[in-house]
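The values are calculated or read from the model by the stated rules, or taken from the named source; none is laboratory data. Keep in mind it's a predicted model, so treat the numbers as computed, not measured. Ideal geometry is used to build each Cβ from the backbone, glycine not excepted, and the neighbour counts take in all protein chains shown.
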Amino acid sequence: METEQRPITLRRATVDDVGEIITVQRAAFLVEAYLYGHPHLPPLMETIDEARAVFRDGVTEVVVAELVRDVGPRLVGVVRVKLDDGAAQIGRLAVAPDMMGTGIGSRLLQFVHDNPPVGTERFTLHTAARNVGNHRWYSGHGYHQVSTVTDVSGIDVVAMERPLQ
């Protein structure tokens, strides 16, 4: 596997990464779109300008994973975190489909857990209700289900939470 030969580095993203972030995000969230038969999920519809605005909001941090290559780094994962009333909200965790199952998602999540925004009391996230694989994966990282809600797209999502520890 490529990641066994080449290291993955994690870093805070900059606005210059937006094009690659959108590419990885769209590729990864196509799985959810297929699961629901809903091609208009918010991560698939986000524009470049909307993604750039995230870097100007002053409260959201974006972390990326890059595969180190001789021809230059390749962005292969991304996660957002935003503090809201003591909750570090994890959002849009995405890994390039050809790199899923290599530990990149776990490394991104661990980076956020190890470097929470100042004032974090707990971590929260939402994941598709039908994607039980994601529920198991997040449970393995200390998250538990809090509720099920319907998002702006009309999709049922599971709200999950984890203490700061």
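Applying the criterion of being assigned to a strand (DSSP E or B) and small (Gly, Ala, Ser) to the residues of segment 122-165, the residue that is farthest from PRO42 (Cα to Cα) is SER147. Within segment 13-70, the residues that satisfy the criterion of being at pLDDT below 95, acidic (Asp, Glu) and not in a helix (DSSP H, G or I) are GLU46, ASP57, ASP70. Here ALA33, ALA94 are screened, and the one residue that is touching a His at 6+ places or on another chain (Cβ under 9 Å) and not polar (S, T, N, Q) is ALA33. When each of ARG92, ARG107 is tested for being in contact (Cβ under 8 Å) with a residue 40 or more places away in the chain and at positive phi, the lone residue that passes is ARG92.
Only one of the listed residues (VAL68, VAL59) is loosely packed, with under 15 Cβ neighbours inside 10 Å and in contact with a Ser or Thr (Cβ under 8 Å, 6 or more places away or on another chain). That residue is VAL68.
If the condition is being touching a residue at least 24 places away in the same chain (Cβ under 8 Å) and within 15 Å of the chain's Cα centre (by Cα), then segment 31-54 contributes VAL31, GLU32, LEU41, PRO42, PRO43, GLU46, ALA51, VAL54.
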